[in-house]
Amino acid sequence: MPTPDAGILSRAPAIIAALRAALPQDAVIWDPEETRAYECDALTTYRCPPLAVVLPRTTEEVATAMRICHEMRVPVVPRGAGTSLAGGALPTADCVIIGTMRLREMLEIDTANRFVRVQTGVTNLSVSGELESHGFFYAPDPSSQLACTIAGNIAMNSGGAHCLKYGVTTNNLLGATVVLTTGEVVELGGAEMGPMGLDLMGLLCGSEGQLGIVTEAVLRILPRPEGARPVLIGFDGAEVAGECVARIIRSGVLPVAIEYMDDVCLRAVEAFAHAGYPDCAAVLIVEVEGSPEEIDLQIARIREIADALNPVEFRESRNADEAMAIWKGRKSAFGAMGRLGDYICLDGTVPVGQLPYTLKMIGELSRQHGLEVANVFHAGDGNMHPLILFNANKPGDLEKAEAFGNDILRLCVDVGGCLTGEHGVGIEKRDLMTKQYDGPDLDIQMAVKDVFDPRWLLNPAKVFPLEVSQPWREEAATR
Amino acid sequence: MIADIPSRAGLAPASEAELGALIADRRSSGQPLRIAGGGTRTQTDHVPGEALSTAALSGVVTYEPGEMTLIARPGTPLDEIETMLAAEGQAFAFEPADMRGVLGRNGAPTIGGMVAANASGPRRLLAGACRDHLLGVRFVDGQGRVLKNGGRVMKNVTGLDLGKLICGAHGTLGVLTEVALKTLPYLPDRCTLGFHGVTAHEAVAIFSAALATPFEVSGAVFRDGTAWLRVEGLGPQLGYRRDRLLGLIQTREAEVLDATATVTLWRELRDLAHFAGSDAPLWRILVKPSEAPAVAGALAALGGVFSLDWGGGLIWYCGPGTAQEVRGITRHATLVRRGGLTGPAFPPEASAVARLSAGLRQVFDPAGILNSGLMDQ
Ligand SMILES: Cc1cc2nc3c(=O)[nH]c(=O)nc-3n(C[C@H](O)[C@H](O)[C@H](O)COP(=O)(O)OP(=O)(O)OC[C@H]3O[C@@H](n4cnc5c(N)ncnc54)[C@H](O)[C@@H]3O)c2cc1C
């Protein structure tokens, strides 16, 4: 991270005083004991307490805080629940965190027009929770949905296990209220489907806090399916498992989820959760939705496809308990891996057809780097999550793991994929951006940031490689 | 490079590099360019500058049915692509319309024009718009820079999503040179339920009820007193969904159309056959579905006719009324067929949004030479 600005640090008392004067008493935190709680997000390897934390309750209070920071030229780090795995909400010592977690109202539930309007501090899961009695749900379902907020979901364009069928956040977002860096409030989109004009909301979604702070959102909601049921298919090779995924997708059956776990992961899960998974090279969990008859029909098709590929096992769940047993291992995979040691969780995407090759190459890289790796991921859309095991107490091991991780992400780009499918760039993948994008490709993205944030105060040192963004930041400092 | 072009009529660069050199040249001399795909959709007659054809930037780069991805150059005719997808049992789920009948054109719609216009038909209701299926783009901006964004994979959050901006910018930010799109299985099993003799109000009530079910209704259009619902599904799934919907909506006797009739009907509905062969102004209006009956009623009082799509979320209004009158009734109104009306085709933006849009245009096309003023004339 860049060295904190000594000028800003020396003005800290004035900055805190200005924020306190303009905001409710409990909205500003500056005591080092308390700001420590905000020193990192879920990428805990990097930590740094901020200068202050502001926790507003309304859009107007967010705007006030933004205006003050802009006038006093203080960097702002937007924060939701802090579950980012890419260091997206990592503070700097000279920044003010503006957290939206207290903006927690459900403003409007309109099932006739199929949308809800929420303040963005609501958690992902609570949106669906509120909708349950109406027979609707909100589709994007990141695994962190119990904790993560709609604000963070929008900033990261988060997805989940069910996005194969329902898409990610950008496909389910209709409108947003955004506080710009100057404190001005703009409305993008709305409850209508697809307004004309430039798609600024599409640009905002996934912008990782680089363009503004989102305080309200209009979300598309969907009727709940009648039911859902998973099947588990075991294969004795990664290639056949990959082939099975491609054949299911081509068959016309569109499952809501296709999850993949490799042997390393399976052994860890078995030891931890005793899920009763078969001992084999790869397991797929495929979930389909509909009425009981519709589900039977889709499962019959999937069985036909799988049978042609000689699976080690094809396990169908016939009731809720059996369904839960199938998901149990997958859901506990990250915890199970944690018992084997420390790990870093990667997030690259590859074209589905490249899955077998990529898995083979990851195995080879694992031997080269001398570190074990487990693969558990959303196979339907090629979004891989290799987990690299290392020993945090062993000097040099983390660096080795990071180097290995970088090699995997480069591999993803080389086979036609990308650096991140859902976790975002943050600081974690910042310096790899030049692998995926050439100079002009990054320049135009930075020029777009310039339009929204001419002083480059929003979420500093994220997304864009420091070296590449240096001239932009220097220019911005003169504005 | 530019000197090589004259063998073809007008400006028709045959490579990205050629296009880049051409635009860089025009940028320095400030001469505007009018981008022409098939010329079947957007009315660009009033856009200043020499026509730039994408016809020589054509061809499919890759199509992987097992990955559901297609990469093509912009000038590729859309019907060629749709035929190719159909041979693999796939299609673009967002169902782009053929606007030739409505706009009185006879070119060949291109895939570049489709993306530039974010063209999305009745199935948008279920499947999302073109922009939701766009995976990546290559384009040349107004400075002649060759740029790329996104890629060819389904999930990608690497950096800012410029594809969303380009899609629907009608060629005002850059000239597309390659588009990567998601394709989806096109299932043959489908039927249509028609509820005759209903008012717009009753139609939207039927739509709201149907769209609150998990039966994946993939079309909800109201035209000439009939509410049409399209139902899809695999084999017996289709019958199940149809019967459940019929059971739910018992207010009216329903006509049920088979798969063949369904395909014909929805092509007509998609292409707005009911508004073809006329010169009257045609407006595309976005509302909340529940507001559609009142808004459409107020529009009809001007003397024209309307139909509804997207379960009431989209109103097509054809008939008299000045831009001021139409926009006085409803905000999100775009003039798709001018019919003699002058003034901006696109609805005005709120001032803060307009300022951001202008800032972005300045970034992509500082000299304002690409489809100059198209989106604000
Ligand atoms: C166990 C675990 C599982 C996970 N699984 C998934 C998964 O399946 N899919 C997935 O996509 N992600 C997953 N994540 C990552 C993370 O949960 C998501 O990125 C989530 O959307 C972050 O939300 P948050 O509220 O915690 O945001 P934060 O972590 O607080 O912030 C994330 C980013 O958003 C910005 N931001 C926050 N609030 C705002 C705002 N109001 N306006 C503008 N920008 C803002 C921040 O600056 C930061 O860049 C997982 C994380 C964990 C810890």
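The values are calculated or read from the model by the stated rules, or taken from the named source; none is laboratory data. None of these values were measured; they are calculated from a predicted model. Virtual Cβ from ideal backbone geometry, glycine too; neighbours counted across all protein chains shown. Quick note on the areas: whole protein, heavy atoms, side chains included, nothing else; ligands and nucleic acids left out. Shrake-Rupley method; radii C 1.70, N 1.55, O 1.52, S 1.80 Å.
Worth a mention:
- Of all residues in the stretch B:118-170, those that are in a loop (DSSP other than H, G, I, E, B), more than 8 Å from chain A (Cβ to nearest Cβ), open to solvent by less than 10 Å² (accessible area, probe 1.4 Å) and touching a Ser or Thr at 6+ places or on another chain (Cβ under 8 Å) total 1.
- Of everything in the stretch B:278-307 that is assigned to a loop (DSSP other than H, G, I, E, B) and either free of Cβ contacts under 8 Å to residues at least 40 places away in the same chain or more than 20 Å from the chain's Cα centre (by Cα) (or both), the residue that is nearest to B:Leu193 (Cα to Cα) is B:Lys288.
- Of the helices (runs of 4 or more DSSP H) entirely within the stretch A:422-479, those holding at least 2 residues that are touching a Phe, Trp or Tyr at 6+ places or on another chain (Cβ under 8 Å) and under 20 Å from A:Asn157 (Cα atoms) occupy A:439-452.
- When we screen B:Thr322, B:Thr334, B:Thr342 for residues that are open to solvent by less than 30 Å² (accessible area, probe 1.4 Å) and among the hydroxyl-bearing types (Ser, Thr, Tyr), the only hit is B:Thr334.
- With respect to the conditions (1) touching a strand residue (DSSP E or B) at 6+ places or on another chain (Cβ under 7 Å); (2) more than 27 Å from A:Val54 (Cβ to Cβ); (3) buried (at least 23 other Cβ atoms within 10 Å of the Cβ); (4) within 12 Å of chain B (Cβ to nearest Cβ), A:Leu198 falls short on a single one, namely (1).
- Sole residue being open to solvent by 10 Å² or more (accessible area, probe 1.4 Å) and either touching a Ser or Thr at 6+ places or on another chain (Cβ under 7 Å) or touching a residue at least 60 places away in the same chain (Cβ under 8 Å) (or both), chosen from B:Leu193, B:Leu257: B:Leu257
- Per this entry, A:Val448 is not counted among residues that are within 12 Å of another protein chain (Cβ to nearest Cβ) and away from the ligand (no atom under 16 Å from the Cβ).
- Total residues in the stretch B:80-115 satisfying the condition of being more than 25 Å from B:Ala220 (Cα to Cα) and part of a helix (DSSP H, G or I): the figure is 8.
- You will find that of A:Val168, A:Val186, the residue that is at the interface with chain B (Cβ under 10 Å from one of its Cβ atoms), within 14 Å of the ligand (Cβ to nearest atom), farther than 14 Å from A:Gly80 by Cβ and out of contact with any Pro (no Cβ under 9 Å at 6 or more places or on another chain) is A:Val186 and no other.
- Restricting the stretch A:334-362 to residues that are of a type in the set (Ser, Thr, Tyr) and within 16 Å of the ligand (Cβ to nearest atom), the residue that is nearest to the chain's Cα centre (by Cα): A:Thr349
- The set of residues in the stretch A:52-63 being assigned to a helix (DSSP H, G or I), of a type in the set (Val, Ile, Thr) and buried (at least 21 other Cβ atoms within 10 Å of the Cβ) consists of A:Val62 alone.
- The combined condition, being out of contact with any Asp or Glu (no Cβ under 9 Å at 6 or more places or on another chain) and within 16 Å of the ligand (Cβ to nearest atom), is fulfilled by B:Thr158.
- Within the stretch A:19-50, the residues that satisfy the criterion of being open to solvent by less than 30 Å² (accessible area, probe 1.4 Å) and more than 16 Å from A:Ala461 (Cα to Cα) are A:Leu19, A:Leu23, A:Ala27, A:Val28, A:Ile29, A:Thr35.
- Some residue of the stretch A:202-225 being more than 8 Å from chain B (Cβ to nearest Cβ), assigned to a helix (DSSP H, G or I) and over 25 Å from A:Val118 (Cβ atoms): no
- Residue match in the stretch A:192-212 (condition: touching a Ser or Thr at 6+ places or on another chain (Cβ under 6 Å), within 13 Å of the ligand (Cβ to nearest atom) and aliphatic (A, V, I, L, M)): no
- Qualifying residue in the stretch A:271-285 (condition: part of a helix (DSSP H, G or I) and closer than 22 Å to B:Ala93 by Cβ): no
- Residue selected from the stretch A:303-324 under the condition open to solvent by less than 40 Å² (accessible area, probe 1.4 Å), more than 14 Å from chain B (Cβ to nearest Cβ) and not in a loop (DSSP other than H, G, I, E, B), by the criterion nearest to the ligand (Cβ to nearest atom): A:Ala323
- Close Cβ contacts (under 7 Å, 6 or more residues apart or on different chains) running from residues in the stretch B:78-92 that are assigned by TED's automatic domain parsing to the domain that holds B:Val115 to residues that are in a helix (DSSP H, G or I) comprise B:Leu78/B:Ile111; B:Leu78/B:Met114; B:Ile81/B:Ile111; B:Glu88/B:Pro65; B:Gln90/B:Pro65; B:Ala91/B:Glu82; B:Ala91/B:Leu85; B:Phe92/B:His133.
- Verdict on B:Met68 being free of Cβ contacts under 8 Å to residues at least 40 places away in the same chain and buried (at least 16 other Cβ atoms within 10 Å of the Cβ): no
- Failed item in (1) free of Cβ contacts under 8 Å to residues at least 40 places away in the same chain; (2) within 14 Å of another protein chain (Cβ to nearest Cβ); (3) over 24 Å from B:Pro289 (Cβ atoms), with A:Leu125 passing the rest: (2)
- Filter result for A:Asn459 (closer than 26 Å to A:Pro142 by Cβ and open to solvent by 30 Å² or more (accessible area, probe 1.4 Å)): no
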